[in-house]
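Some notes on the structure that comes next.
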2 protein chains.
Amino acid sequence: MTTSAALPTPETIFALDACDPLAPLRSRFHLPEGVIYLDGNSLGPLPRTARHRLVEVAEDEWGNGLIRSWNSAGWIELSQRIGDKLARLIGAQPGEVIVADSTSINLFKALAGGLALRPDRRVIVSERDNFPTDLYMAQGLIALLGGTHGLRLAEADAIAQAIAADTAVVMLTHVNYRTGRMHDLAALTRCAHEHGALVIWDLAHSTGAVPVDLNGAEADFAVGCGYKYLNGGPGAPAFIFVARRHQVSFRQPLAGWLGHAQPFAFEGCYRPAEGIARALCGTPPILSLAALECGVDIALEAPMAAVRAKSLALTDLFITLVEQRCSGHGLRLVTPREYDRRGSQVCFAHPDAFPIMQALIARGVIGDFRAPDVLRFGFAPLYLRYADVWDAAHILAEVLDTRAWDRPEFRQRAIVT
Amino acid sequence: MTTSAALPTPETIFALDACDPLAPLRSRFHLPEGVIYLDGNSLGPLPRTARHRLVEVAEDEWGNGLIRSWNSAGWIELSQRIGDKLARLIGAQPGEVIVADSTSINLFKALAGGLALRPDRRVIVSERDNFPTDLYMAQGLIALLGGTHGLRLAEADAIAQAIAADTAVVMLTHVNYRTGRMHDLAALTRCAHEHGALVIWDLAHSTGAVPVDLNGAEADFAVGCGYKYLNGGPGAPAFIFVARRHQVSFRQPLAGWLGHAQPFAFEGCYRPAEGIARALCGTPPILSLAALECGVDIALEAPMAAVRAKSLALTDLFITLVEQRCSGHGLRLVTPREYDRRGSQVCFAHPDAFPIMQALIARGVIGDFRAPDVLRFGFAPLYLRYADVWDAAHILAEVLDTRAWDRPEFRQRAIVT
């Protein structure tokens, strides 16, 4: 399928919002006045429940409960409880997902654990334009292993051809952070298995935004991020999925005490816990976990079919409006138009992407610049309105038409871009 | 030096509190009514500033600032800012300490980084009774390396003798979690260096409670915990110290994007950042970091000499009172009496330690049970009063005298003990 060519009008926009089954969820988030937030794939907004929950955890659980809250407030079960909830968003079963550490750390666990399950194979296959931390973690592991293993990088279109009899693990990000291109998770998993390889899916830009069926695809491992479409707060803990069939043999090197079969027996030798708990390492940051749960709870209220339908409608609308209003300004769409290859973002390349994005942000349209030349707009169906898309496209057109971006202050780069 | 033998009276207790230079700091913490908290070495109490700070970070920075807060609220610098503050508590310089991940994860970085700096040596030396996660992380790394390296465990008194020409890294916890015994950090560091080995100090039970001078001792690496004597909140992020002289050559395998020289250049190859930032991995949990900073800020207000003097006086007093009031009940002091071997806790072994601790907790005296038979009492000088020690000792005597602990409900074990 491709983008609809019908030109929207203010009336159709109004009607789309009026009929949006997800519209009531917008009120669950704090969205500041004057902001159109198209960066929920970098950091999702604050769930309104999170403020109360944070005060409750701080005052009642930490302040009054003190150490007792590990039992009485269920802190010790929190990583698993949120993991079980998350499982419902990605086609996994309870006991297959746990929240822990960062996405990068969880990738390391999955990579090392996956290589150990394919001891006769020496190659990790990934995508050249994968999110850098994924590649860095693989490079770090390979360097640690002393050169016995290698990383084979392929272009997005050539992943399947890069998988061979030497491939131990295929490590891919489902939706590309820079282009919004979505891989066929089931087909590439099948391809990896046909070659005897295992697959690790990074769901950072998928979870909560696009349908994912890990068990349906018989995926082996996955990791994902808590602070994007799950709206779990800045630097929210990440998650890891290990398919149940692998859990007995899964061993990962970050063998911290919370992954031990009996952490409070204080034994001298590591014995991995049963099940997914062996993917845990150290003590998790409870305040950040509590905020994450608020975001996950909202995501669970939205039927994924409705989320996906709205995501495609929002991104369709943005593409249509930008192509209509901004033609002649040199924007080049880098996100696939095909529904089955599109995540929940729309990206345009432009030589002046950096100052253009700064000018947009100054006008309250918050997206991301992604080096070297990408304007990235994320469309989170839980809180965005069709009217936001309309307004954002018009403000982009205005910035381009007036060259409002062409000012020195919009070229100054901060630490985080 | 040994414990004073003078028998305290209520009048002397009153005088000690009246003259305590740290007494004003108690009001900075929320301490629930009816609780004598001797478990600050498991989870420190809530700084009163933390509630406000958490609401501020949630509402203003996350809620209103959204993604912009990585720059505008300084989130991107938070790990380093808190690390620089922490450096002052452990005898390090700014730029030698950074906050990241968990203690376990940071141990892995230091261990792998340390082994890489001693490529011709194959042995990690540690203490048999080290905190289990330290041993587990070493075991996990060794297994990953495929049996090329080994872990040599020695009793606490025999560490020096275990260090030899084959030793790459000596990994020790400064204050033992179960006994409260403190190692001579400078002497063992010197011993390791004399044998050409590097040393990693786990400061989990030291930071904020006992004097530590990493640079004075020329220590190589250290890690530590944010949620014990730093009062940073449940599961607060941990820290890592890498001596400046090692930073250029320090490479660690958890090579996540925030440890990259230019994270937002999104390069395909990992290039470690200058300095201590190369110890970073993934995105840190900002809410938990913000709470940690509240705890660290209070710790910085207390001169370490005063902290240490009060710690010794509190632990002296508890030992004296317990030995006076609880004699004949089979308690055996396992914490050294010598000041230079004592951390900030007092531990007694008893065959019924578990139900005794449960009975104490039921009476509001919160300490820890540590398997197999240890009653552990932590004495945090920032908020404990001499009167608390007096009361705790008397309640312990009452529990023992009346065998109040000998009830079925006090033998039921929860998940976290």
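The values are calculated or read from the model by the stated rules, or taken from the named source; none is laboratory data. What you see is a predicted model, and the numbers here were worked out from it, not measured in a lab. All Cβ positions, even for glycine, are placed from backbone atoms using ideal geometry, and neighbour counts span all protein chains on display. Each accessible area value is taken on the protein alone, full model and side chains, heavy atoms only, with ligands, DNA and RNA left out. Shrake-Rupley method; radii C 1.70, N 1.55, O 1.52, S 1.80 Å.
A few points about this structure:
- Distances between placed amide hydrogens fall under 5 Å for B:VAL199 paired with B:VAL170, B:ASP220, B:PHE221, all partners being 5 or more residues away or on another chain.
- Selected from A:MET182, A:ILE276, A:SER344, residue furthest toward positive end of dipole (chain A; charges at beta carbon): A:ILE276
- Values of log10 I(q)/I(0) for segment B:265-312 across q = 0.13, 0.15, 0.18, 0.24 Å⁻¹ run -0.58, -0.68, -0.79, -0.94, by the Debye formula with one identical scatterer at each alpha carbon and no solvent.
- Magnitude of the charge dipole for segment A:209-280, about its Cα centre and with charges confined to Cβ atoms of Lys, Arg (+1) and Asp, Glu (-1), is about 100 debye.
- Summarising the amide proton neighbourhood of A:HIS260: residues at separation of 5 or more, or on other chains, whose placed amide H is nearer than 5 Å comprise A:ALA273.
- Pairwise alpha-carbon distances in segment B:350-417 exceed 13 Å for 64% of all pairs.
- Computed packing ranks the peptides A:264-271, B:372-379, A:191-198 as B:372-379, A:191-198, A:264-271, most packed first, by mean other Cβ atoms within 10 Å.
- Computed from backbone phi, the HN-Hα couplings of segment A:29-42 come to 10, 8, 10, x, 4, x, 10, 10, 9, 10, 10, x, 8, 9 Hz, rounded to whole numbers (Karplus: 6.51 cos²θ - 1.76 cosθ + 1.60, θ = phi - 60°; Gly and Pro given as x).
- If you look at the Cα atoms of segment B:120-206, you get an Rg and a Dmax of 12.1, 35 Å.
- Anisotropy class of segment A:197-305 from Cα gyration tensor, a/c 1.5 cut: oblate
- Where both bridge residues fall in segment B:88-229, DSSP classifies roughly 5% of the beta bridges as antiparallel.
- Of all DSSP beta bridges in chain A, antiparallel share, percent nearest 5: 55 percent
- Where labels lie 7 Å past Cα in the beta-carbon direction, separation of A:LEU300 and B:GLU323 in nm: 5.5 nm
- Charge dipole magnitude, Cβ of K and R +1, D and E -1 - segment B:300-417, Cα centre, debye nearest 20: 180 debye
- Taking other residues whose beta carbon is less than 15 angstrom from the beta carbon of A:SER42, and scoring Lys, Arg as +1 and Asp, Glu as -1, yields +2.
- Dipole of segment A:70-124 [Lys/Arg +1, Asp/Glu -1 at C-beta], most positive-end residue of A:ALA73, A:ALA116, A:GLN93: A:ALA116
- Mean partner shielding of peptide A:75-85, defined as the number of other chain Cβ atoms within 10 Å of each residue Cβ, is 1.
- Percent of Cα-Cα distances greater than 52 Å, calculated over the protein assembly as shown: 16 percent
- Working from the Cα coordinates of segment A:101-163, the gyration tensor eigenvalues give, after taking √(5λ), semi-axes of 18, 15, 10 Å in decreasing order.
- FRET efficiency estimate (nearest 0.05) - Cβ-Cβ, B:GLU267 to B:ALA164, R0 41 angstrom: 0.45
- Counting from the shortest, the label point at A:ASP340, 7 Å from Cα toward Cβ, is 7.5 nm from the same position in each remaining copy.
- Between copies, the label points of B:ALA371, set 7 Å from Cα on the Cα→Cβ line, lie 4.8 nm apart, reported in increasing order to one decimal in nanometres.
- Over segment B:12-57, the reciprocal of the mean inverse Cα-Cα separation, the Kirkwood hydrodynamic radius, stands at 12.6 Å.
- Between copies, the label points of A:ARG308, set 7 Å from Cα on the Cα→Cβ line, lie 6.4 nm apart, reported in increasing order to one decimal in nanometres.
- With every protein chain in place, segment A:105-189: carbon and sulfur % of accessible area (1.4 Å): 54 percent
- Antiparallel bridge percentage (DSSP; both residues within the protein assembly as shown; nearest 5): 55 percent
- Residue by residue along B:136-149, Cβ atoms of other protein chains within 10 Å of the local Cβ number 5 on average.
- Buried accessible surface for the A/B chain pair comes to about 7100 Å², total over both chains, computed with a 1.4 Å probe.
- Each of B:PRO32, B:ILE159, B:LEU43 was placed along the dipole of chain B (beta-carbon charges, centred on the mean Cα), and the one lying farthest toward the positive end is B:ILE159.
- Less than 5 angstrom separates the built amide H of A:ARG342 from those of A:MET182, all sequence-distant by 5 or more or on a different chain.
- Counted by Cβ distance under 9 Å from B:PHE377, the other residues give a net charge of -1, where Lys and Arg count +1 and Asp and Glu count -1.
- Between B:PHE14, B:PHE354, B:PHE108, the residue with the greatest mean-square fluctuation in the GNM of chain B (Cα pairs under 10 Å linked by springs) is B:PHE14.
- Per-selection Kirkwood Rh - chain A (Cα, Å, 1 d.p.): 22.3 Å
- Cut-off 13 Å between beta-carbons: net charge of the residues surrounding B:PHE250, Lys and Arg +1, Asp and Glu -1: +3
- Here segment B:68-193 yields Rg over Rh of 1.03, to two decimals, using C-alpha coordinates and the Kirkwood radius.
- With a 10 Å cut-off around each Cβ of B:255-263, the average count of Cβ atoms from other chains is 6.
- Cross-link partners of A:LYS85 among lysines (Cα-Cα below 18 Å; sequence separation of 8 or more within a chain): A:LYS228
- In this calculation the C-beta distance from B:LEU151 to B:LEU117 is compared with R0 = 25 Å, giving a FRET efficiency of 0.90.
- Estimated dipole of the protein assembly as shown in Debye, rounded to 20 [Cβ of Lys and Arg +1, of Asp and Glu -1, Cα centre]: 840 debye
- Once the 1.4 Å probe is applied to the protein heavy atoms, segment A:1-157 comes out at 39 Å² accessible per residue.
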